[in-house]
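Below you'll find the structure, written out as structure tokens, and then a few comments.
The values are calculated or read from the model by the stated rules, or taken from the named source; none is laboratory data. Computed from a prediction, not measured in an experiment: that's the story for all the values here. Reconstructed Cβ throughout: ideal geometry from the backbone, glycine too, with neighbour counts over all protein chains shown.
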Ligand SMILES: NC(=O)c1ccc[n+]([C@@H]2O[C@H](COP(=O)([O-])OP(=O)(O)OC[C@H]3O[C@@H](n4cnc5c(N)ncnc54)[C@H](O)[C@@H]3O)[C@@H](O)[C@H]2O)c1
């Protein structure tokens, strides 16, 4: 952490992070980006509830300090969120920051059913809306609060091979954007984290989607969760809205905005190349098995 004094930059570990002493909930924190965010928050002095459907979150929290608490449950349901916030009230004395990070990859292609879409809309979008509905009125009263959504570069560009992931991540960016401008004068802040590939279970689970995974791993460096968490917390400390752990996403986003049709044609050509590579790969695998 650095500070400027008399035109000199002094670097000192003794400067307190703006997140120090904050009472924070991180969802989807059993592993991956959520566990890394919780680790980084604690390193900067925050007190954290790690929430996840997976009971493994208990071990993740236990491996951190005594300021980490684990909550197991569904962060996409209204009842789950109410229970999680009440748990944080009991263990931390309140909630200053909420990291809506839990996410799922959802169905490939268009998906086959309403059920496929309901599941991903619940986790990747409604979970954010429901948490905000529970927290914003409290934060308006106290005059501060911070909502951080983990969306994806797929929320600014698109996710080749997965409509539901693309759509829900766009919606998550839109929701965070709306929160940010609507409650700014109430002292409430929002940020959105929009990485490309990160080395986690979610990325590995998209393996079966063929082009969807190649699109992520080929487009840029696959980062570690801790790099993403570090970049994200540095940005949150200065209340930056759009957090891009892969800075090149900004160029891609600008290219899209400057000529939408050209961008769409380019993405379509890129998708065709990925489909062809997947087909050749499958042929080689089948030939090897014969
Ligand atoms: N890995 C990537 O390449 C990548 C890129 C961009 C954005 N993201 C986003 O980052 C976020 C974190 O994902 P990750 O990559 O760390 O993957 P991950 O699978 O390691 O983490 C997601 C966690 O969310 C939890 N979860 C899912 N549904 C839940 C629910 N209803 N209630 C509580 N917990 C639930 C899972 O159990 C899991 O632990 C997601 O929103 C994802 O979309 C990931």
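Remarks
- Residue within the range 34-52 that is over 19 Å from residue 230 (Cα atoms) and touching a strand residue (DSSP E or B) at 6+ places or on another chain (Cβ under 7 Å) present: yes
- Annotation: of all residues in the range 242-258 being assigned to a helix (DSSP H, G or I) and without any contact (Cβ under 8 Å) to a residue 24 or more places away in the chain, the one that is farthest from residue 36 (Cα to Cα) is 258.
- Close pairs from the range 194-222: first surrounded by fewer than 15 Cβ atoms within 10 Å (Cβ to Cβ), partner at pLDDT below 90, Cβ under 6 Å, at least 6 apart: 207/213
- Residue 16 being more than 16 Å from the ligand (Cβ to nearest atom) and modelled with pLDDT of 95 or more: no
- Of the candidates 122, 114, 186, the single residue that is closer than 20 Å to residue 30 by Cα and assigned by TED's automatic domain parsing to the domain that holds residue 245 is 122.
- Test: residue in the range 44-55 that is within 7 Å of the ligand (Cβ to nearest atom), surrounded by 24 or more Cβ atoms within 10 Å (Cβ to Cβ) and at positive phi: no
- The set of residues from the range 108-144 being on the phi > 0 side of the Ramachandran plot and under 18 Å from the mean Cα position of the chain (by Cα) is empty.
- Of all the listed residues (61, 82), the sole one being surrounded by fewer than 16 Cβ atoms within 10 Å (Cβ to Cβ), more than 20 Å from residue 173 (Cα to Cα) and within 15 Å of the ligand (Cβ to nearest atom) is 82.
- Taken over the range 216-241, residues that are within 11 Å of the ligand (Cβ to nearest atom), outside any loop (DSSP other than H, G, I, E, B) and at pLDDT below 95 amount to 3.
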